[in-house]
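Take a look at the structure set out below.
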Amino acid sequence: MDDLILNVDFSAPERRSKKEPGNRKHQSFVRRRRELERRGVLRQKQLPAAAPGAPRPGRARRGGAKRCPKENGAATTSRCPPVSQNGPKDKARGAPQNGVTGAKDEARGAAPAAPPVSQNGPTGTGAPTQSKAKARGAAQNGPTGTGAKAKARGAGTAPPAPSKLVALDCEMVGTGPGGRTSALARCSIVTYEGDVVYDRYVRPEAAIVDYRTRWSGIRPRHMAQAVPFRRAQQQVLQILAGKVVVGHAIHNDFKALHYCHPKALTRDTSQIPLLNRRAGFPENVNISLKRLTKALLNQDIQVGKSGHSSVEDARATMELYKVVEQEWEQHLQQNPEQK
């Protein structure tokens with residue numbers, strides 16, 4: 001019997017390739033991708049950036065997007081921004097998109113592109129952005145910037161200069177039917193220190209029906225050499241121009257003068273809650289000048305039967321303002337709507 005010859009291969013059996021996961025379409029895609037990687041097509045992202053204007057092989061088959069022309073002196077990998085349909089605003093919006101797209105390409109593995117010109121140079125598409133940034137920096141550091149505003153606020157917390165402060169008080173008489181219309185008969189203005197700047201008797205334009213001597217102190221003899229209303233009004237307004245005017249229920253004095261002073265330059269001691277609080281009165285109640293002066297300054301004014309003195313009342317008003325000057329001015333700076 002002939003010998004049997006067996007052809008037995010004792011080498012390790014060839015390991016079967018692991019079954020690809022997914023369906024057939026996915027497996028076909030994976031095999032094709034591996035073949036492209038073997039040929040070197042998909043490695044183009046890892047190579048240095050191509051020459052300006054040269055298409056990228058990896059995206060050439062997609063029929064794709066047009067590349068931006070050479071604008072910044074170096075090739076960029078970003079796509080062109082969309083064409084503006086609305087004008088310069090859309091162009092400005094499209095400018096920062098170039099930088100974002102470039103950052104995405106770098107993250108995908110492309111070679112880092114040159115930094116945008118908007119950061120390092122005055123030319124190119126980024127120039128408006130840089131000029132805007134410079135303009136913003138100048139606005140912050142210039143006279144209209146935040147620093148200037150902060151300085152203005154810090155300087156504004158100080159009270160007005162004494163030379164800019166005056167106190168006003170007027171005395172009125174009655175004109176018209178029954179003497180019910182108040183008309184200016186005396187006007188007094190004093191400085192921060194209490195010195196008299198102006199003190200004149202004023203002759204009303206209408207006939208006086210009631211002198212109101214008990215309160216005004218005005219008598220017929222005072223009208224003999226009184227200043228006509230129009231002239232007195234002109235003189236008073238020249239003094240009040242640009243000044244911070246202090247008064248008690250001062251809207252009545254302005255009404256008698258036929259004048260309206262700027263609200264920001266007016267300090268009405270009948271409308272300062274701090275004074276009422278210091279004197280122990282309710283904050284929302286108008287207290288008379290006489291009672292406030294007695295409670296806070298321990299002075300008696302408007303006494304006797306000879307009537308009020310507008311000079312005395314103006315001085316008392318200025319002294320009341322000084323009691324709360326610092327606190328009230330700081331409060332007005334923090335709450336400008338209350339001026």
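Ordering of 177-187, 316-326, 277-287, 232-242 by packing is 316-326, 177-187, 232-242, 277-287, highest average first (other Cβ atoms within 10 Å, averaged per residue). The dipole here belongs to the stretch 165-338: it is taken about the Cα centre, uses +1 on the Cβ of Lys and Arg and -1 on the Cβ of Asp and Glu, and is about 680 debye. The equivalent ellipsoid of the stretch 165-338 has semi-axes of 28, 18, 14 Å, largest first, where each one is the square root of 5 times an eigenvalue of the Cα gyration tensor. Computed packing ranks the peptides 252-265, 295-308 as 252-265, 295-308, most packed first, by mean other Cβ atoms within 10 Å. If you take every DSSP beta bridge whose two residues both sit in the stretch 165-338, what share of them, in percent to the nearest 5, is antiparallel? The antiparallel fraction comes to roughly 70 percent.
Only the coordinates and a few stated rules stand behind these numbers; no lab work does. What you are looking at is a predicted structure, and each value in this text was computed from that prediction instead of being measured. All Cβ positions, glycine included, derive from the backbone under ideal geometry; neighbour counts span all protein chains shown.
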